[in-house]
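Undergrad: The structure is given below, and queries will be raised subsequently.
The values are calculated or read from the model by the stated rules, or taken from the named source; none is laboratory data. In this text, all values refer to a predicted model and were calculated from it rather than measured experimentally. No Cβ is skipped: glycine too gets one built from the backbone with ideal geometry, and neighbour counts run over all protein chains shown. For the accessible areas, the whole protein counts, side chains as well, though only heavy atoms, and no ligand, DNA or RNA atoms are used. Shrake-Rupley method; radii C 1.70, N 1.55, O 1.52, S 1.80 Å.
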Amino acid sequence: MNVDRREKHWKNDPKWQCILAKASDQSQTIHGDVVIHSYQSRQDPYFTSSYFFETERGVVLVDTQIYYSAAQELWDAIKSKTSGNIFAIINTHAHPDHYFGNMLFRKVAPNATIITSAGVLADMHATAAQRVAKTRKEWGDEVPSNPADLVYPDFGFERTLTLAFDKITLELKEVGPAEAPVQVVGWIPQHRALIAADILQNKQHHYFSDRTTANWYRILQEFSEMNPRFVLTGHQGIAGKELIEETKHWFATFLGLMSDVAPRDVDPENIDTIDAKSRSYVVSEMQRRFPDWFDPYYYEGKTVLEQCIDGHRSEQIGAQVLAALGSKAG
């Protein structure tokens with residue numbers, strides 16, 4: 001059998017190493033009657049984050065990673081910190097780094113119920129083939145090779161769902177569009193903890209290719225009004241509520257830079273209207289103005305900001321990979 005192992009070259013990046021060193025900090029655990037644990041991937045370039053806590057009915061897990069190795073590390077962490085009896089799994093959205101790990105967790109926890117929203121479930125089915133093709137080309141054997149092997153949630157709720165336990169409550173809600181067309185966010189009132197999915201990332205530059213900044217900003221305003229104590233982000237773990245306002249500044253800065261370089265008669269969010277020099281300027285200025293934010297490696301030698309400013313979306317890249325494979329087969 002051929003083995004397709006790819007070098008994880010981003011692990012040589014000093015900034016990546018610095019962030020990794022902080023991933024096990026005490027700030028990444030929320031203490032109380034029910035302890036909320038976090039796991040940040042030590043394998044992928046962008047520290048995909050999962051969260052889990054124990055209830056009287058078993059463990060609730062939020063997001064299952066993308067890499068086989070990261071999903072296994074997450075499972076090892078769950079076993080070491082809880083009973084290991086998984087009751088429910090929440091998938092926040094249809095990007096592979098948040099649900100491809102369902103394959104492992106279906107095997108180790110066959111009785112667990114996998115939950116998402118109806119909108120996210122539809123997005124998963126609509127984009128699975130493209131996303132498998134794109135991730136397999138870049139990551140090799142760390143990810144699935146066949147969309148038929150993916151494990152989807154057992155059901156998708158409409159709009160809201162509440163999971164109530166003896167000492168903790170998880171209130172789920174479908175929102176979007178933002179970083180993805182639709183996402184599930186959560187609220188844990190006992191901790192005033194906001195599960196933000198990829199709508200918030202802990203000082204990591206955003207994947208913004210869907211051009212939904214206006215609605216994204218509106219969701220951030222709703223988050224501000226909730227006044228959380230803890231923000232459980234989609235990448236780089238747990239942050240404080242100040243991240244919400246900082247992220248608003250991030251979007252305002254991005255749109256301001258776009259307004260500087262885009263024609264005055266077009267939407268400043270429309271990256272198709274600016275040339276390569278202007279795109280490079282926007283990326284370099286975002287990196288300069290947010291020096292403590294991380295711009296992780298994404299695809300084909302480019303970072304998240306570099307890929308997004310070029311207008312690439314993962315499902316579009318995946319469709320191109322599928323088309324190329326089809327032409328070779330023909």
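Rundown of residues vs (1) more than 30 Å from G58 (Cα to Cα); (2) free of Cβ contacts under 8 Å to residues at least 24 places away in the same chain; (3) surrounded by fewer than 22 Cβ atoms within 10 Å (Cβ to Cβ), yes/no style:
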residue	(1), (2), (3)
L170	no, no, no
Q183	no, no, no
N202	no, no, no
R211	yes, no, yes
R229	no, no, yes
H235	no, no, no
L257	yes, no, yes
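Undergrad: Same structure, new question: Could you list all residues from the stretch 106-152 that are at pLDDT 95 or above, closer than 15 Å to A71 by Cα, assigned to a helix (DSSP H, G or I) and under 18 Å from the mean Cα position of the chain (by Cα)?
TA: E142
Undergrad: Evaluate the stretch 215-233: report whether one residue or more is among the aliphatic types (A, V, I, L, M) and at pLDDT below 95.
TA: So far as the stretch 215-233 goes, no, none of its residues is among the aliphatic types (A, V, I, L, M) and at pLDDT below 95.
Undergrad: Please determine whether any residue of the stretch 124-133 is open to solvent by less than 10 Å² (accessible area, probe 1.4 Å), in contact with a Ser or Thr (Cβ under 8 Å, 6 or more places away or on another chain) and of a type in the set (D, E, K, R).
TA: Yes - at least one qualifying residue is present in the stretch 124-133.
Undergrad: So which residues in the stretch 2-17 are of a type outside the set (S, T, N, Q), without any contact (Cβ under 8 Å) to a residue 60 or more places away in the chain and either surrounded by 10 or more Cβ atoms within 10 Å (Cβ to Cβ) or on the phi > 0 side of the Ramachandran plot (or both)?
TA: K8, K11
Undergrad: Criterion first (open to solvent by less than 50 Å² (accessible area, probe 1.4 Å), touching a residue at least 24 places away in the same chain (Cβ under 8 Å), under 23 Å from E171 (Cβ atoms) and within 15 Å of the chain's Cα centre (by Cα)) does T82 satisfy it?
TA: no
Undergrad: Does the stretch 280-302 contain at least one residue that is of a type in the set (K, R), touching a strand residue (DSSP E or B) at 6+ places or on another chain (Cβ under 7 Å), surrounded by 15 or more Cβ atoms within 10 Å (Cβ to Cβ) and more than 30 Å from K167 (Cα to Cα)?
TA: Scanning the stretch 280-302 turns up no residue that is of a type in the set (K, R), touching a strand residue (DSSP E or B) at 6+ places or on another chain (Cβ under 7 Å), surrounded by 15 or more Cβ atoms within 10 Å (Cβ to Cβ) and more than 30 Å from K167 (Cα to Cα).
Undergrad: Quick one: S209 ticks every box in (1) of a type in the set (S, T, N, Q); (2) at pLDDT 95 or above; (3) outside any strand (DSSP E or B) bar one, so which box is it?
TA: Checking S209 against (1) of a type in the set (S, T, N, Q); (2) at pLDDT 95 or above; (3) outside any strand (DSSP E or B), the one that fails is (2).
Undergrad: Can I ask one more? Residues of the stretch 189-198 being assigned to a strand (DSSP E or B) and either of a type in the set (F, W, Y) or touching a helix residue (DSSP H, G or I) at 6+ places or on another chain (Cβ under 8 Å) (or both), which ones? Steps first, answer last, please.
TA: The first filter runs over the stretch 189-198 and keeps only residues assigned to a strand (DSSP E or B), leaving 193-197.
Within the stretch 189-198, L194, A196, A197 qualify.
Undergrad: I'd like to check something: does the stretch 263-276 contain any residue that is among the basic types (K, R), more than 20 Å from the chain's Cα centre (by Cα), more than 24 Å from Y51 (Cα to Cα) and in a helix (DSSP H, G or I)?
TA: No, the conditions are met nowhere in the stretch 263-276.
Undergrad: If T162 satisfies every condition in (1) among the hydroxyl-bearing types (S, T, Y); (2) in contact with an Asp or Glu (Cβ under 6 Å, 6 or more places away or on another chain); (3) open to solvent by less than 30 Å² (accessible area, probe 1.4 Å) but one, which is the exception?
TA: Of everything listed in (1) among the hydroxyl-bearing types (S, T, Y); (2) in contact with an Asp or Glu (Cβ under 6 Å, 6 or more places away or on another chain); (3) open to solvent by less than 30 Å² (accessible area, probe 1.4 Å), T162 misses just condition (3).
Yes/no per residue for (1) outside any loop (DSSP other than H, G, I, E, B); (2) of a type in the set (D, E); (3) open to solvent by less than 10 Å² (accessible area, probe 1.4 Å); (4) over 21 Å from L170 (Cβ atoms):
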site: I19; (1), (2), (3), (4): yes, no, no, yes
site: S24; (1), (2), (3), (4): no, no, no, yes
site: G32; (1), (2), (3), (4): no, no, no, no
site: H37; (1), (2), (3), (4): yes, no, no, no
site: R42; (1), (2), (3), (4): no, no, no, yes
site: Y46; (1), (2), (3), (4): no, no, no, yes
site: S49; (1), (2), (3), (4): yes, no, yes, no
site: I66; (1), (2), (3), (4): no, no, yes, yes
site: H93; (1), (2), (3), (4): no, no, yes, no
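Undergrad: A further question follows. Condition test on G186, is it of a type outside the set (V, I, T) and in a strand (DSSP E or B)?
TA: It is true that G186 is of a type outside the set (V, I, T) and in a strand (DSSP E or B).
Undergrad: Collect the residues in the stretch 66-87 that are under 16 Å from S38 (Cα atoms) and touching a strand residue (DSSP E or B) at 6+ places or on another chain (Cβ under 6 Å), keeping them in residue-number order.
TA: Answer for the stretch 66-87, where residues must be under 16 Å from S38 (Cα atoms) and touching a strand residue (DSSP E or B) at 6+ places or on another chain (Cβ under 6 Å): L74, A77, I78, K81, T82, I86.
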